[in-house]
Amino acid sequence: PSLSLTSRLAHSRLVIRELLALANNFRHSINSSNQHEQHCRVSPRARLALRPAGQPDRTAAGLAVEKRLYEAIWNALPPVMIPCGLVCNVCAFLVLLQPRLRGLVVHLPLTVLSVVDCVVLLMGLLRHWLRKASYFTENFGNSLDPQTLCTACCPGFELLLYLSLMYSSWIIMVIALERFVTICVMPGSRGRAFLISKRGLIIVLSAVFVVLLGCNLHFPFTRYLNRNSSRYGESCENRDEFHHFVEAVFPRIDLALTAFLPFAVILACNLAIIAKLRAVRRASVLGNGQSKLASHRTTVMLLLTSFTFVLLTSPVKLYLTVIGGAYPDWLSASSDPGLFYSYRVLWSALLVLQFTNHCCNFLLYCGSNPQFRREAARLAHSCCCRCWPRRIGNSAAASSLGGPQSAKQPHGRLHLAGGSASGTESPAATAATAVSRM
């Protein structure tokens with residue numbers, strides 16, 4: 001019994017020693033983690049002084065790379081995207097006004113979309129470029145910010161920007177719903193006349209605009225221009241009584257109206273349209289007439305436009321949903337400069353990707369719809385060579401008067417006009433008719 005007691009005492013001593021060793025290791029791990037946190041909180045200059053001799057300054061090198069990426073994004077991309085996007089949207093607007101394209105039901109929403117895209121580029125991308133490009137910030141500071149030009153510019157710019165972003169999303173959602181009703185719900189039915197008619201689309205687009213305008217009318221009451229800001233000198237800030245609404249409530253409303261609801265409706269409608277088109281193609285019904293082929297090409301163009309919108313816009317919306325802003329609230333340039341500037345680079349890249357969606361619709365229309373491409377080529381030809389038909393008509397009139405070119409006039413052009421050599425029409429009128437039909 002005495003031996004068993006001594007063995008038990010020895011075993012208990014071993015257990016106590018092991019527990020003390022575990023407690024000591026746990027204490028050392030806590031102390032090392034606290035030292036690491038304190039090391040992360042020190043400024044870059046203090047960290048540079050504390051690092052061992054001969055060790056390279058990786059933080060400064062990393063910050064230099066991230067700053068170069070940040071400056072490259074805002075110095076190089078917006079000067080190309082803004083003029084190209086404006087030119088493409090204006091060209092899309094002019095082409096959609098052509099008489100041959102006015103017969104399309106989606107002519108109206110696509111025309112409005114081109115105007116809204118121009119507003120987004122001017123109110124959004126142009127302002128970000130003036131505030132973040134190194135040339136403007138080094139020479140002018142914050143003085144070129146359009147929101148600081150006047151008292152009304154502060155809420156006015158944000159009202160137009162948020163309204164145009166929401167409205168562009170809803171226009172594409174209305175287009176997807178129109179294609180869904182046309183192809184899946186009521187194909188070939190007379191009951192769909194009001195649902196997808198031009199009058200119905202005007203009513204729907206007007207109602208959507210009024211509702212979205214009401215959702216954004218809070219900016220004149222919640223935002224104001226502070227001319228004595230301690231950080232920027234002049235900046236657009238929240239009013240104290242509406243700070244919680246602007247920072248916590250309205251971002252959720254914006255995400256719901258700009259991203260979640262349009263994305264869900266667009267994806268559901270597009271998947272249903274694709275399934276219906278595959279079923280129709282298997283049944284060999286599609287393609288029996290030219291009108292069905294034209295409708296199919298229009299549907300493909302609209303599907304490509306809506307999928308591109310979701311693909312280019314969803315990354316920045318998911319980022320805002322997860323992070324809640326350009327960077328987390330607990331992060332600052334003084335606490336962790338490397339991580340802070342990494343977030344800035346990522347946010348800038350996603351923001352530019354979103355604005356790319358408002359620059360490329362004209363290229364999507366031309367690449368996916370031959371009818372739109374022909375109208376664009378015809379409009380470019382008429383704008384660049386406006387005097388060409390008049391010269392041809394004058395030369396044809398001169399040849400009809402017995403000039404030296406009468407013997408060289410080809411006879412095939414008379415037949416192109418639908419007449420014969422002995423017809424009653426004059427050669428000048430026949431030639432002009434032939435040129436107008438080319």
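Any read-out appearing in this document is the output of simple, stated calculations on the displayed coordinates, not a laboratory observation. No experiment lies behind these values; they were computed from the predicted model shown. Cβ coordinates were reconstructed from backbone atoms using ideal geometry, including for glycine residues, and neighbour counts include every protein chain displayed.
A Förster radius of 25 Å combined with the Cβ-Cβ distance from C384 to V300 puts the calculated FRET efficiency at roughly 0.30. Computed from label points 7 Å out along Cα-Cβ, the spacing between D240 and A76 is 4.7 nm. Once both labels are positioned 7 Å from their Cα atoms along Cα-to-Cβ, the gap between L14 and S332 label points is 5.4 nm.
Taking R0 as 41 Å, what's the FRET efficiency between L69 and R282 from their Cβ-Cβ distance, rounded to 0.05? It comes out at approximately 0.25. With a simple spin-label model that places each label point 7 Å from the Cα along the Cα-to-Cβ direction, the separation between A275 and N228 comes to 6.3 nm. Note on C184 and F221: with the Förster distance fixed at 41 Å, the Cβ-Cβ geometry gives a FRET efficiency of about 0.45.
Seen from L110, the other residues with C-beta closer than 15 Å to its C-beta sum to a net charge of +3, counting Lys and Arg as +1 and Asp and Glu as -1.
The listed peptides 146-154, 114-122, 236-244, ordered by packing as a protection proxy, come out as 114-122, 146-154, 236-244 (highest mean of other Cβ atoms within 10 Å first).
The order of the peptides 368-378, 84-94 by mean Cβ neighbours within 10 Å, most packed first, is 84-94, 368-378.
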